[in-house]
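Taking it in order: structure first as structure tokens, then the write-up.
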Amino acid sequence: MESHSKVTIPAQHLPATIIKWLATPSSRVSKDSPLLLYEFREVYEIQATSSSEWVAAERKVRVELKSPYNGVLENFQINIGSTVKDPK
């Protein structure tokens, strides 16, 4: 019996931009092997140097999306450079 499973980017990282494929369609992948590299913007707070105020800062974070399964990668349903948005 053939089983199909989707792999998704964690919701807290959305929106995210696909940077690079690390696996290819039709390749066998094992659990925790890297599938793709994506980038998202992280907002965090830092303390201002001249006062005790906290200010928002932003940085780009790159993350490898790892396979949660063993199996064969059928395809990617999004292109490099595309942005994955929160489905809400």
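Read-outs throughout are calculated quantities, based only on the coordinates presented, and are distinct from any laboratory measurement. Since the structure is predicted, the reported quantities are computational estimates derived from the model, not experimental observations. FYI the Cβ positions are ideal-geometry reconstructions off the backbone, even for glycines, and counts take in every protein chain you see.
Can you give the relative contact order of the chain as a percent, counting alpha carbon pairs under 8 Å and 6+ residues apart? All intermediate terms of the calculation are to be shown ahead of the outcome.
Details: 159 pairs, mean separation 33.4, N = 88.
The value is 38 percent.
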Can you give me the convex hull volume of the Cα atoms of the stretch 12-84, divided per residue and expressed in Å³?
99 Å³
Ordered by residue, what ³J(HN,Hα) values in Hz, to whole numbers, does the stretch 69-80 give under the Karplus form 6.51 cos²θ - 1.76 cosθ + 1.60, where θ = phi - 60° and Gly and Pro are x?
9, 8, x, 10, 6, 6, 6, 9, 9, 8, 9, 4
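Can you give the longest run of the chain that contains no GluC sites (Glu not before Pro) sitting in a DSSP loop with at most 14 other Cβ atoms inside 10 Å? Walk me through the numbers before you get to the answer.
On the way: sites that count: GLU2, GLU53, GLU74.
Segment 3-52 is the longest.
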